Amino acid sequence: MISIHQLHYQYQGATAASLNHIDLDVPKGSLFGLLGPNGAGKTTLLSIVSGLLPCPEGAVKINGHDISKIKSLHKSDIALVPQEYAFYFRLSVQENLTFFASALGLKKNQIRQRIDEIAAVTGLSNRLKDRAETLSGGLKRRLNLAIGLLNQPSLLLLDEPTVGIDPHSRHFILEAINQLNQNGTTVVYTSHYMEEIENLCTDIAIMDHGKVLIQGPLTQLLEAQRHNTLFIELSKPLTLEQRAVLTPATVYDEHSLELVLPFSQGDDIYSVMTTLQQASVDIHRLRYGSDNLEELFLNLTHRALRD
């Protein structure tokens with residue numbers, strides 16, 4: 001569906017590139033999770049794919065078409081639901097949907113039917129006459145999503161669509177997104193909620209500092225990480241002498257008091273533990289293997305999702 005090759009983008013006046021020659025492939029029909037700390041480049045990437053920012057020639061193709069050359073592709077096939085509310089607060093829900101449907105080129109005899117369909121999908125059927133400014137945060141997020149679905153996109157780009165809303169609305173939106181994907185829509189989904197990505201997405205990519213660190217089917221990536229990492233939680237910080245016994249591959253987080261030791265086949269965990277014991281390292285708890293997305297993310301970026 002989306003093929004990205006050596007995409008590079010730097011904002012005017014910025015000291016570093018937001019996207020640093022990245023390669024990325026989003027399979028057709030996938031529900032693709034895009035993860036990364038703040039400033040990783042996720043929003044810039046979605047803005048380029050959706051046509052809000054200029055795309056270098058040949059860097060991004062959708063269904064084989066170079067999006068730098070075929071501008072009409074965006075209007076008919078792609079929708080972006082941004083982090084910010086992208087509607088008019090003083091208009092009603094129905095007036096907003098009518099306005100954006102007209103802007104998208106829907107015919108008058110199609111607009112009412114399409115609004116009814118989208119209102120049902122997003123749970124807004126009983127709110128069509130309400131002014132947007134009177135809606136709760138969760139309903140505003142639903143209106144944002146409803147506008148993005150008006151043109152029946154084959155590619156839906158979602159930039160943190162559930163941020164700051166109540167659990168009920170979050171569940172409703174996630175169920176709607178899952179159903180859209182099952183009906184054939186390819187979805188690219190960014191979120192700061194790790195459990196959303198893990199529960200929803202078939203494929204993922206993790207970004208940091210404008211680069212793609214890893215990408216692929218989620219189950220395969222987690223399986224590859226499952227039995228190759230030793231996590232050690234310490235009772236107190238390491239001394240300089242104790243740090244000296246660590247291997248160069250060991251990651252030590254002073255704030256969480258955690259050691260992360262990657263292992264390759266044939267490494268001897270017992271010898272490592274013996275070395276730490278001889279150095280009088282005070283171990284509180286340890287676990288072997290990484291079987292969830294949060295641990296995979298922390299292993300790759302060495303920082304929390306919102307850092």
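Within the stretch 1-40, the residues that satisfy the criterion of being of a type in the set (Phe, Trp, Tyr) and over 15 Å from the mean Cα position of the chain (by Cα) are Tyr9, Tyr11.
When only residues in the stretch 286-304 that are open to solvent by less than 40 Å² (accessible area, probe 1.4 Å) and at pLDDT 75 or above count, which is farthest from Ile206 (Cα to Cα)?
Of the stretch 286-304, the ones open to solvent by less than 40 Å² (accessible area, probe 1.4 Å) are 289-290, 293, 295-297, 299, 301.
From what is left, the residues that are at pLDDT 75 or above are 293, 295-297, 301.
On the way: Leu293: 10, Glu295: 12, Leu296: 9, Phe297: 7, Thr301: 9 Å.
Per the criteria, the residue is Glu295.
Screening Glu198 on (1) open to solvent by 30 Å² or more (accessible area, probe 1.4 Å); (2) closer than 20 Å to Ala101 by Cβ; (3) in contact with a helix residue (DSSP H, G or I) (Cβ under 7 Å, 6 or more places away or on another chain) shows it passes everything except condition (2).
A single member of Ser47, Ser68, Ser72, Ser18 is under 24 Å from Asn181 (Cβ atoms) and either modelled with pLDDT of 95 or more or surrounded by fewer than 21 Cβ atoms within 10 Å (Cβ to Cβ) (or both), and it is Ser47. Of the set (1) within 21 Å of Leu158 (Cβ to Cβ); (2) over 24 Å from the mean Cα position of the chain (by Cα); (3) not acidic (Asp, Glu), all apply to Lys107 but (1).
With respect to Ala103, determine if the residue is free of Cβ contacts under 8 Å to residues at least 12 places away in the same chain and either open to solvent by less than 60 Å² (accessible area, probe 1.4 Å) or among the aromatic types (Phe, Trp, Tyr) (or both). Yes: the conditions hold for Ala103.
Filter the stretch 176-195 down to residues that are of a type in the set (Ser, Thr, Tyr) and touching a Leu at 6+ places or on another chain (Cβ under 6 Å) and give me whichever is most open to solvent (accessible area, probe 1.4 Å). Walk me through it before giving the result.
Initially, the stretch 176-195 is screened for residues of a type in the set (Ser, Thr, Tyr), giving 185-186, 189-191, 193.
From what is left, the residues that are touching a Leu at 6+ places or on another chain (Cβ under 6 Å) are 185-186, 189-190.
Working: Thr185: 20, Thr186: 1, Tyr189: 0, Thr190: 0 Å².
Ranking the qualifying residues of the stretch 176-195, first place goes to Thr185.
The values are calculated or read from the model by the stated rules, or taken from the named source; none is laboratory data. Computed from a prediction, not measured in an experiment: that's the story for all the values here. Every residue, glycine among them, receives a Cβ derived from its backbone with ideal geometry; neighbour counts consider all protein chains shown. Just the protein is used for accessible areas: all its heavy atoms, side chains included, with ligands, DNA and RNA removed. Shrake-Rupley method; radii C 1.70, N 1.55, O 1.52, S 1.80 Å.
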